[in-house]
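Each remark here refers to the structure printed beneath this line.
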Amino acid sequence: MPVLVASDLTKAFGGRRVLDGVAVSVAAGTFVAVLGESGAGKSTLFRCLSRLIEPESGEISIDGALYTGLQGARLAAARRQVGVVFQQFNLVRRLSALDNVLAGRLADVPLWRVMLHQFDLAHVQQAAAALEAVGLGAQIEQRADTLSGGQQQRVAIARALAQQSRILLADEPVASLDPVTAAAILGLMKSLARSRGMAVVCALHQPQLAAQFADRIVVLKNGRLEEVSPSCPTPSVV
Amino acid sequence: MNDPRSVYQPHRRSRGEQAGFVVALAAAAVFYIVCLRIAEVDPARLWAGLPRLAKWAARSWPPDASEFGTLLYRAGQTIAMGTVGTSFGVLLAAPLCLLAARTVTTSAWLSLPSRALLNVLRGIDSFIFALLLVAAVGLGPFAGVLGLALHAAGSIAKLWAESIETIAPGPVDAVTMSGAGRLKVIRFALLPDVLPSLASIALYMWEWSIRASTVLGVVGAGGIGQELKNSVDLLQFDRVLTILAIVLVIVTAIDSASAWLRRRLL
């Protein structure tokens, strides 16, 4: 059974229909790459899938439960299943790598503990384990804004790991990284999909990276997703 | 070889635009001249008054330090008024800035009235607040504290709200996706990045409040300003000089301490 199912998603900005009936279904342990030109609507799709913005119509469900339409505490609870990695990392700059990863556990921590920045040892050890899993065991206490781009992206992935989400949405996570680091990050995401059964959806610009790492490739064009062969993503459509 | 030329035509002001500019300049000049007249600016009067000023300056030396202990106590009262007034202002500003920041409070029903309240608090000077509050709570530094607190709350909250609005929304989005509630997101994603700037603004207002509290005594709100007014009224210029020296030392010390702390924070 697929973990993430979206159907008939639409979203328009100023009369321009960016998403026009998008449908996608992602199974556990699968890495799906989303290709598309700049401005095709990949970021809009990811923000709709995570519900950082609201689609105008359509449905999203996670593990068979409806995600669209939820509000307040029920939306917050459902969001725990959706880890997000952004192109610009979006770490809290003045916090350490460990604190940034602990952000993934905030939903489980009482408010007063968050206010006083007092976390259980178990949560701290979980966050440290997530950092070690992405190869940052030596940078646990380093401030986020002193890490390299690749390291910051690893912290963002560790944050999603600590969150123990079922889904990982990555919006162009390697767009600002060098080719070697980009390959390492995508390799890490693929191995997490396999080892933890996460459903990974990742926007990419480079068809060759998609072909190398993805189990499935979809192309966002004219507001719709089209499936293409993973062995031969058509460069003309991206 | 031919010179490559673009067909690009730079924008030139039309005659209408040029005329509009001249009219705007003339209107600004007229406005300024009217201001000079209404403010009764008269260099001749200044010139005539200079000998009197010089006489008072000569009478101020040597400074009168016979009541130095009293003056120091009054100076302490001034620092206390500025410090307590700012701290009350900070407490009032904390919820107000969150309500006024458009990136935190998306409901216009909450943010617009909050912004209006900030404008009222900011628009009325602490001097005027103190003048009104002396009538309510009586003479003394407490009226000054309240006056400073109300004005500082408006100024701090406005600057804090603007500071919060300039913070990149990315970390807030990322932490929101962890399923955390609004308060946790503010504490964890917003506060760490914005805190140095908030502290710097509060320190700047502390510095400002102490400068402002030096004159609040004029309306009966205590502090060194009260002594200054009494001494000027009694033409005790040697005592005035002592008071001015104390004010200068206080303001310079607070400015330096605040600037040092702000440098450390940012």
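Read-outs throughout are calculated quantities, based only on the coordinates presented, and are distinct from any laboratory measurement. Because the structure is a prediction, the values reported are computed rather than measured. Every residue, glycine as well, gets a Cβ built from its backbone with ideal geometry; the counts of neighbours run over all protein chains shown.
Using the Kirkwood radius over C-alpha pairs as Rh, can you work out the diffusion coefficient of the range A:94-182 via Stokes-Einstein at 4 °C, viscosity 1.567 mPa s, in µm² per second? Estimated diffusion coefficient is 97 µm²/s. The Kirkwood radius of chain B, taken over pairs of alpha-carbon atoms, gives through the Stokes-Einstein law at 20 °C and 1.002 mPa s a diffusion coefficient of 95 µm² s⁻¹. Put in line by how crowded their Cβ is, counting other Cβ atoms within 10 Å and starting with the fewest, A:I60, B:I128 read B:I128, A:I60. For chain B, the longest principal axis of the C-alpha atoms and the axis of helix B:43-59 are separated by about 50°.
In the structure shown, do any of B:K158/B:K184; A:K11/B:K158; A:K42/A:K190 have a Cα-Cα gap over 27 Å, and if so which?
Values: B:K158/B:K184 23 Å; A:K11/B:K158 35 Å; A:K42/A:K190 20 Å.
Correct reply: A:K11/B:K158.
Taking amide H as placed 1.01 Å from N in the peptide plane, the amide H of A:A170 sits under 5 Å from that of A:V85, A:V201, A:C202, A:A203, each at least 5 places away or on another chain. Against the main long axis of the alpha-carbon atoms of chain B, helix B:126-137 sits at an angle near 60°.
Evaluated at q = 0.19 Å⁻¹, a Debye calculation over the C-alpha positions of the range B:1-120 (equal weights, vacuum) places log10 I(q)/I(0) at -1.02.
Shape of the range B:91-247 from its Cα gyration tensor (a ≥ b ≥ c, root eigenvalues): rounded if a/c is under 1.5, otherwise prolate when a/b > b/c, or oblate? Verdict is prolate for the range B:91-247. Each residue of the range B:153-169 is assigned a 3J(HN,Hα), and the resulting list reads 4, x, 5, 5, 4, 5, 5, 5, 4, 5, 5, 5, 5, 7, 5, 4, x Hz, derived from the Karplus form 6.51 cos²θ - 1.76 cosθ + 1.60 (θ = phi - 60°), x at Gly and Pro. A Cβ-based charge dipole, computed about the Cα centre of the protein assembly as shown with Lys and Arg at +1 and Asp and Glu at -1, lands at about 320 debye. Loop-resident trypsin sites (Lys or Arg not before Pro) (DSSP state other than H, G, I, E or B) in the range B:1-81 with no more than 16 further Cβ atoms inside 10 Å of their Cβ: B:R5, B:R12, B:R13. If you build the convex hull over the alpha carbons only and average its shadow over all orientations, what do you get for the range B:90-178? Give it in nm² to one decimal. It is 6.5 nm². The share of alpha-carbon pairs in the range B:58-137 lying farther apart than 22 Å comes to 51%.
Both radii were evaluated on the Cα set of the protein assembly as shown; the Rg over Rh quotient, with Rh as the Kirkwood radius, amounts to 1.14. Distance from the alpha carbon centroid of the range A:1-74 to that of the range B:24-49 works out to 65 angstrom. Taking the centroid of alpha carbons for each part, the range B:188-266 and the range A:165-200 are 54 Å apart. Remark: C-alpha extents of chain A on the principal axes read 48, 41, 35 Å, sorted largest to smallest.
The base-10 log of I(q)/I(0) for the range B:169-266, evaluated at q = 0.11, 0.13, 0.23, 0.25 Å⁻¹, reads -0.53, -0.63, -1.06, -1.14 [Debye formula, identical scatterers on Cα atoms, solvent excluded].
Select from chain A the helices, each a whole stretch of DSSP H, whose alpha-carbon atoms run 15 Å or more along the helix axis and whose Kyte-Doolittle mean is at least 0.0; answer none if there are none.
Details: long enough: A:121-133 (18 Å, 0.68); A:149-163 (21 Å, -0.27); A:179-196 (25 Å, 0.67).
Taking the DSSP H segments of chain A (at least 15 Å long, mean hydropathy at least 0.0), we get A:121-133, A:179-196.
On a 0 to 90° scale, report how tilted helix B:108-123 is relative to the longest principal axis of chain B, with both axes built from alpha carbons and the result rounded to the nearest 10. The helix B:108-123 is inclined about 30 degrees to chain B.
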